[in-house]
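Student: A single structure is presented below for examination.
The values are calculated or read from the model by the stated rules, or taken from the named source; none is laboratory data. What you see is a predicted model; the values in this text were computed from it and never measured. Here the Cβ positions follow ideal geometry from the backbone for every residue, glycine too, while neighbour counts run over all protein chains shown. When the accessible area is computed, the model is the full protein with side chains, heavy atoms only, and any ligands, DNA or RNA have been set aside. Shrake-Rupley method; radii C 1.70, N 1.55, O 1.52, S 1.80 Å.
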Amino acid sequence: MNARGLALACTWALLTVLLVGCSRRQPASIEYVSEWGREGNDARQFKEPIGVALDSDGNVYVADAGNNRIQKFNRDGEFLKEWAKKGRGEGELDRPIHLEISTRGLVYVPEYGNDRIQVFDTNGEFQFSWGTTGKAPGQFDAPGSVGFDPTGHAFVTDFYNHRIQKFDEKGNFLSSFGTKGHDAGQLHYPTDILVDQHGNSLVADAYNHRIQKFDKQNNLILSWGRQGKKQGEFEVANALALDEEERVYVVDFDNHRVQVFDEAGKFLLSFGGKGAGTGQFNHPTDIAINNEGLIYVADWGNNRIQVFRLVEH
Amino acid sequence: MKARTFILMIGMLIEPWIADTLVAQVEEVAIGVDGLACPFCSYGLEKKLKEATGVREVAINIDKGIVLLKSTSKESIDLEQLEPIIKNAGFTLRDLTATVVGRLSQIDAVQVLLVNGSNTNLILKNDAALRKLYTGQTVGNNGVRVTGRLTHEMPKGHNAHPFTLTIEEAKIQ
């Protein structure tokens, strides 16, 4: 092969790598799969389903905020069980929000009304809880979500305290970061957090209408979004999920849509739109993605869970 | 003007009769709030309002943008706490409507409803409703239950009163 041939071959190889790389990074569309739920307080009915989480078997847990209970379904939406009722006692709930399943398979439920995190096993048996009302370390003022790093530490968004608190998996306080404000690294009513496989935390900085990414030392390493309706803009960025390709799914509450970004915050696509029809949303509030790529969205205002699939092209 | 004078006269006659015998209470408050559609905020507001003095129950109607407060049986809802709570929770108060059981009185020739256990006296507005309260009915010792819209209107010389209650519905107890 002469020099020209070698150059051509190299160019072709490079293009192929880029194309394959790009095709993996640029999902073409989202496909509607199914849904369940309507307004009510029976099984498979909801009153303001605000949080959704998945366990390692693909079961779906829904924080049914208006009914102050947790409902558990299989991956197809078949009802399995429910637990809790309104109250302040052990195993009772007051406004459960963005629940999450820990690396050990326990269900962590943040409660706005009781300023605590309650932990259940996957059958709904109470395990332990922590938190009281306040601003001191370990206290909360409307805890909205829990995220786990790969080692099992729990990160809690503390809505009215505009901060993230870090605990061990038993709820012992470790550290916190964040102050109220609009500058880079500050928070204004955070509502969701997740930690990626590298230990970086992504925060839904809801009323700054942006996503902020922090490293393990809580240094800001990336931020994107501002208030608006265009691609990459948000009207209350209130929940997050990552898929296996590290694409970031952001629930855009008042735009009634979910926007998908690559790990650098570059816009890829969006889906949804205001309405009660198939694939539409009325104020979506949470999202979870299983290892098969099924995307579960809490369609809060429509009292249902909708399921989608990302279709690669 | 005539009606007001008439009401004042009647009021002065019956005020000593009913004074000091009735329990006044802010029983219910309906708060119109903008921005309730966000559950993270409205649930937060619900929590904050539960901490206000006298509040037993908070019900939020997200569609209508209304928060309904009900009092405990023993304690009156402290109206003066509500506005700062709403503001600090990041909301804008649209309007306030309250149902108050109270005792009619006069302070410097202005009709007021005295709220026991609180420094809050509500200035009453709506001459027709007041006339109805004072005439043609037997005013007993149980006072009146008044529902109306609360505003910050203050007649001259009555800066001490935080609210005026424009009567929409009034009944003798």
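Student: Between 0 and 90 degrees, rounded to the nearest ten: what's the tilt of helix A:3-25 against the longest Cα principal axis of chain A?
Tutor: Between helix and principal axis, roughly 20 degrees.
Student: Could you compute the FRET efficiency for B:Thr72 and A:His313, with r as their C-beta to C-beta distance and R0 at 60 Å, rounded to 0.05?
Tutor: Rounded to the nearest 0.05, the efficiency is 0.45.
Student: While we're looking at this one, here's another question. If the reach is capped at under 23 angstrom between alpha carbons, list the lysines near A:Lys230, excluding any in the same chain fewer than eight residues apart.
Tutor: Within the straight-line limit of under 23 Å, A:Lys230 reaches these lysines: A:Lys213, A:Lys266, A:Lys274.
Student: On to the next question. Sort segment A:266-310 into rounded, prolate or oblate with this rule: let a ≥ b ≥ c be the square roots of the eigenvalues of the Cα gyration tensor; rounded if a/c is under 1.5, and if a/c is not under 1.5, prolate when a/b is larger than b/c, oblate otherwise.
Tutor: Oblate, because a/c is 1.5 or more while a/b does not exceed b/c.
Student: Expressed as a whole percentage, what fraction of the accessible surface of segment A:156-313 belongs to carbon and sulfur atoms when a 1.4 Å probe is rolled over the protein heavy atoms?
Tutor: Carbon and sulfur together cover 44 percent of it.
Student: From the phi angles alone, apply the Karplus equation (6.51, -1.76, 1.60; θ = phi - 60°) to segment A:144-161 and give each ³J(HN,Hα) in whole Hz, x where the residue is Gly or Pro.
Tutor: Working through the residues one at a time gives x, 7, 10, x, 10, 8, x, 8, x, 5, 9, 10, 10, 7, 10, 3, 7, 8 Hz.
Student: Give the Kirkwood hydrodynamic radius (Å, one decimal) of segment B:49-126, defined as one over the mean of 1/r across all pairs of different Cα atoms.
Tutor: About 13.9 Å for segment B:49-126.
Student: While we're here: Once you place label points 7 Å from the Cα toward the Cβ at A:Thr179 and B:Lys64, how far apart are they in nm?
Tutor: The modelled label-to-label distance comes out at 4.3 nm.
Student: Between the DSSP loop rule and a limit of at most 12 other Cβ atoms within 10 Å, which GluC sites (Glu not before Pro) in segment A:205-253 are left?
Tutor: Loop-located and lightly packed - A:Glu244.
Student: Between A:Phe126 and B:Glu169, with labels modelled 7 Å along Cα→Cβ, what's the label distance in nm to one decimal, could you check?
Tutor: The modelled label-to-label distance comes out at 4.0 nm.
Student: Output the relative contact order of chain A, whole-number percent, from Cα pairs under 8 angstrom with separation of 6+ residues.
Tutor: Relative CO of chain A lands at 15 percent.
Student: How big is the protein assembly as shown on each of its three principal axes, counting only the C-alpha atoms and giving the largest first in Å?
Tutor: 115, 48, 42
Student: Now for a different question. If the cut-off is a Cα-Cα distance under 20 Å, which lysines reach B:Lys171, setting aside same-chain residues fewer than 8 apart in sequence?
Tutor: B:Lys171 reaches B:Lys70, B:Lys125, B:Lys132.
Student: Note down the nm distance, to one decimal, between modelled labels 7 Å out along Cα→Cβ at A:Glu78 and at B:Gln81.
Tutor: Between A:Glu78 and B:Gln81, the simple spin-label model gives 5.0 nm.
Student: Still on this structure, please answer the following. With r defined as the distance between the Cβ atoms of B:Asp95 and B:Asp127 and R0 fixed at 25 Å, what FRET efficiency is calculated, to the nearest 0.05?
Tutor: The formula returns an efficiency of 0.70 here.
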